[in-house]
Amino acid sequence: MILFKSTANDEMLWQKEELDLLYRDIRKKAASGGSTVLLLVAQDVDALCASRVLAGILRSDNVSYKVKPVLSYDDLDLVYNAEMKDNYDLRSVVLLNCGGRINLREKYPLEEGAVYYVLDSHRPLYHVNLDESVTDVVVLDDGLGLYEEPARFQQLHKRAFSRADVSFYT
(Lines give C-alpha, C1' and ligand atoms only; values in the text may rest on other atoms or scores of the structure.)
Protein backbone atom coordinates (compact mmCIF):
# COMPACT_ATOMS: atom_id res chain seq x y z
CA MET A 1 0.00 0.00 0.00
CA ILE A 2 1.13 3.54 -0.75
CA LEU A 3 0.23 6.34 1.62
CA PHE A 4 0.38 9.95 0.64
CA LYS A 5 -1.53 13.18 0.58
CA SER A 6 -2.18 14.89 -2.69
CA THR A 7 -3.97 17.93 -3.93
CA ALA A 8 -5.05 15.79 -6.89
CA ASN A 9 -7.06 13.28 -4.87
CA ASP A 10 -9.00 13.51 -1.62
CA GLU A 11 -8.12 9.95 -0.62
CA MET A 12 -5.03 9.44 1.52
CA LEU A 13 -4.49 5.75 0.83
CA TRP A 14 -3.56 4.86 -2.72
CA GLN A 15 -2.65 1.51 -4.24
CA LYS A 16 0.65 0.98 -6.05
CA GLU A 17 -1.26 0.79 -9.31
CA GLU A 18 -2.31 4.43 -8.85
CA LEU A 19 1.21 5.87 -8.90
CA ASP A 20 0.59 7.03 -12.44
CA LEU A 21 -1.81 9.60 -10.95
CA LEU A 22 1.07 11.08 -8.98
CA TYR A 23 3.11 11.47 -12.15
CA ARG A 24 0.11 12.96 -13.96
CA ASP A 25 -0.17 15.53 -11.15
CA ILE A 26 3.50 16.50 -11.60
CA ARG A 27 3.09 16.65 -15.39
CA LYS A 28 -0.10 18.74 -15.13
CA LYS A 29 1.62 21.23 -12.82
CA ALA A 30 4.53 21.43 -15.29
CA ALA A 31 2.24 22.47 -18.15
CA SER A 32 2.69 26.12 -17.18
CA GLY A 33 6.15 26.11 -18.80
CA GLY A 34 9.63 26.93 -17.58
CA SER A 35 11.67 24.61 -15.40
CA THR A 36 8.88 23.73 -13.01
CA VAL A 37 10.18 20.35 -11.75
CA LEU A 38 13.19 20.01 -9.47
CA LEU A 39 14.62 16.59 -8.62
CA LEU A 40 16.68 16.52 -5.42
CA VAL A 41 18.65 13.29 -5.41
CA ALA A 42 20.49 11.73 -2.47
CA GLN A 43 23.80 10.20 -3.38
CA ASP A 44 22.89 6.54 -3.04
CA VAL A 45 22.22 3.87 -5.64
CA ASP A 46 18.44 3.75 -5.18
CA ALA A 47 18.02 7.50 -5.54
CA LEU A 48 20.38 7.73 -8.50
CA CYS A 49 18.56 4.94 -10.36
CA ALA A 50 15.15 6.43 -9.56
CA SER A 51 16.29 9.86 -10.79
CA ARG A 52 17.56 8.35 -14.03
CA VAL A 53 14.21 6.65 -14.66
CA LEU A 54 12.13 9.70 -13.68
CA ALA A 55 14.31 12.06 -15.75
CA GLY A 56 13.85 9.80 -18.77
CA ILE A 57 10.07 9.82 -18.36
CA LEU A 58 9.99 13.61 -17.89
CA ARG A 59 12.21 14.08 -20.94
CA SER A 60 9.99 11.80 -23.08
CA ASP A 61 6.97 13.92 -22.07
CA ASN A 62 8.85 17.16 -22.86
CA VAL A 63 8.70 18.33 -19.24
CA SER A 64 11.51 20.69 -18.33
CA TYR A 65 13.30 19.74 -15.12
CA LYS A 66 16.50 20.20 -13.15
CA VAL A 67 18.42 17.58 -11.19
CA LYS A 68 20.42 18.56 -8.12
CA PRO A 69 22.46 16.08 -6.06
CA VAL A 70 22.28 16.44 -2.28
CA LEU A 71 24.58 14.77 0.19
CA SER A 72 23.54 16.53 3.38
CA TYR A 73 21.11 19.03 4.86
CA ASP A 74 23.71 21.70 4.12
CA ASP A 75 23.33 20.82 0.44
CA LEU A 76 19.55 21.10 0.80
CA ASP A 77 20.05 24.57 2.29
CA LEU A 78 22.21 25.60 -0.68
CA VAL A 79 19.76 24.22 -3.24
CA TYR A 80 16.84 25.86 -1.47
CA ASN A 81 18.49 29.28 -1.52
CA ALA A 82 19.67 28.94 -5.13
CA GLU A 83 16.75 27.16 -6.81
CA MET A 84 13.62 27.13 -4.65
CA LYS A 85 13.35 30.27 -2.55
CA ASP A 86 11.21 32.92 -4.24
CA ASN A 87 10.90 30.75 -7.36
CA TYR A 88 7.36 31.39 -8.58
CA ASP A 89 7.74 29.04 -11.58
CA LEU A 90 8.62 26.00 -9.48
CA ARG A 91 5.63 23.65 -9.16
CA SER A 92 7.05 20.26 -8.09
CA VAL A 93 10.03 19.30 -5.95
CA VAL A 94 10.73 15.57 -5.97
CA LEU A 95 13.00 14.42 -3.14
CA LEU A 96 14.52 11.01 -3.83
CA ASN A 97 15.76 9.29 -0.66
CA CYS A 98 16.05 12.57 1.22
CA GLY A 99 13.80 15.02 3.04
CA GLY A 100 11.55 12.59 4.87
CA ARG A 101 13.02 13.27 8.29
CA ILE A 102 12.52 17.04 8.39
CA ASN A 103 9.63 19.48 8.45
CA LEU A 104 9.85 20.61 4.83
CA ARG A 105 7.16 23.28 5.11
CA GLU A 106 8.89 25.00 8.02
CA LYS A 107 12.51 24.68 6.91
CA TYR A 108 12.03 25.13 3.16
CA PRO A 109 8.73 26.92 2.45
CA LEU A 110 7.66 26.93 -1.19
CA GLU A 111 5.57 29.44 -3.08
CA GLU A 112 1.83 28.83 -3.23
CA GLY A 113 0.86 26.01 -5.58
CA ALA A 114 4.17 24.19 -5.34
CA VAL A 115 4.26 20.67 -3.89
CA TYR A 116 6.95 18.47 -2.36
CA TYR A 117 6.89 14.80 -3.42
CA VAL A 118 8.95 12.78 -0.93
CA LEU A 119 10.16 9.29 -1.80
CA ASP A 120 12.42 8.46 1.13
CA SER A 121 13.23 5.00 2.47
CA HIS A 122 14.95 6.37 5.58
CA ARG A 123 13.03 6.09 8.84
CA PRO A 124 11.50 7.56 10.88
CA LEU A 125 9.51 9.94 8.70
CA TYR A 126 8.77 13.35 10.17
CA HIS A 127 5.19 13.27 11.48
CA VAL A 128 4.16 16.77 10.34
CA ASN A 129 4.75 15.75 6.72
CA LEU A 130 2.16 13.00 7.25
CA ASP A 131 -0.52 15.26 8.75
CA GLU A 132 -3.86 15.19 6.91
CA SER A 133 -4.04 18.99 6.83
CA VAL A 134 -0.76 19.25 4.90
CA THR A 135 -1.59 19.54 1.21
CA ASP A 136 1.75 20.69 -0.17
CA VAL A 137 3.79 17.67 0.95
CA VAL A 138 3.12 14.28 -0.65
CA VAL A 139 4.83 11.38 1.12
CA LEU A 140 4.99 7.95 -0.43
CA ASP A 141 5.37 4.99 1.88
CA ASP A 142 7.31 2.00 0.59
CA GLY A 143 5.18 -0.30 2.72
CA LEU A 144 7.90 -1.01 5.26
CA GLY A 145 6.34 1.16 7.97
CA LEU A 146 6.12 4.89 8.45
CA TYR A 147 7.86 5.41 11.77
CA GLU A 148 10.14 2.49 12.54
CA GLU A 149 12.86 0.70 10.68
CA PRO A 150 11.79 -2.73 9.55
CA ALA A 151 12.81 -5.55 11.88
CA ARG A 152 15.14 -7.09 9.29
CA PHE A 153 17.15 -3.86 9.07
CA GLN A 154 17.32 -3.61 12.86
CA GLN A 155 18.71 -7.14 12.94
CA LEU A 156 21.27 -6.30 10.25
CA HIS A 157 22.36 -3.18 12.14
CA LYS A 158 22.68 -5.10 15.39
CA ARG A 159 24.77 -7.80 13.71
CA ALA A 160 26.93 -5.27 11.88
CA PHE A 161 27.59 -3.14 14.95
CA SER A 162 28.60 -6.22 16.92
CA ARG A 163 31.48 -6.78 14.49
CA ALA A 164 34.58 -4.77 15.35
CA ASP A 165 35.75 -4.47 11.72
CA VAL A 166 32.57 -2.78 10.43
CA SER A 167 31.73 0.87 10.98
CA PHE A 168 28.46 2.36 9.71
CA TYR A 169 27.57 6.03 9.47
CA THR A 170 31.14 7.31 9.67
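When Tyr88, Tyr108 are compared by accessible area at a 1.4 angstrom probe, the order from most to least is Tyr88, Tyr108. Converting phi to 3J(HN,Hα) with the Karplus coefficients 6.51, -1.76 and 1.60 and the offset θ = phi - 60°, the stretch 97-110 yields 6, 7, x, x, 9, 10, 7, 4, 5, 7, 7, 10, x, 9 Hz in sequence order, with x at every glycine or proline. Here the simple spin-label model places points 7 Å from the Cα toward Cβ, and for Glu83 and Asp61 these points are separated by 1.8 nm. For the stretch 18-86, what's the relative contact order in percent, using C-alpha pairs closer than 8 Å and at least 6 residues apart? Averaging sequence separation for qualifying contacts and normalising by length gives 34 percent for the stretch 18-86.
Here the Karplus relation 6.51 cos²θ - 1.76 cosθ + 1.60, evaluated at θ = phi - 60°, turns the backbone of the stretch 83-91 into coupling constants of 10, 10, 5, 6, 9, 7, 8, 5, 10 Hz, with x for every Gly and Pro. What the phi angles of the stretch 23-32 give under the Karplus curve with 6.51, -1.76 and 1.60, with θ = phi - 60°, is a coupling list of 5, 4, 4, 4, 5, 5, 5, 6, 4, 6 Hz, glycine and proline written as x. Once backbone amide H atoms are built at 1.01 Å from N, Arg101 has Tyr126 as its partners under 5 Å, excluding neighbours fewer than 5 places away on the same chain. Here's how it looks for Tyr116: its modeled amide H is under 5 Å from those of Val93, Val137, Val138, which are all 5 or more places away or on a different chain.
Just order 96-106, 42-52 by mean Cβ neighbour count inside 10 Å, highest at the front, would you?
On the way: 96-106: 19.5, 42-52: 15.8.
Highest to lowest by the protection proxy: 96-106, 42-52.
The values are calculated or read from the model by the stated rules, or taken from the named source; none is laboratory data. Not measured: the values here are computed from a predicted model. Quick reminder, even Gly has a Cβ in these numbers, built from the backbone with ideal geometry, and neighbours come from all protein chains shown. To get the accessible areas, we keep the full protein, side chains included, count just its heavy atoms, and leave off ligands, DNA and RNA. Shrake-Rupley method; radii C 1.70, N 1.55, O 1.52, S 1.80 Å.
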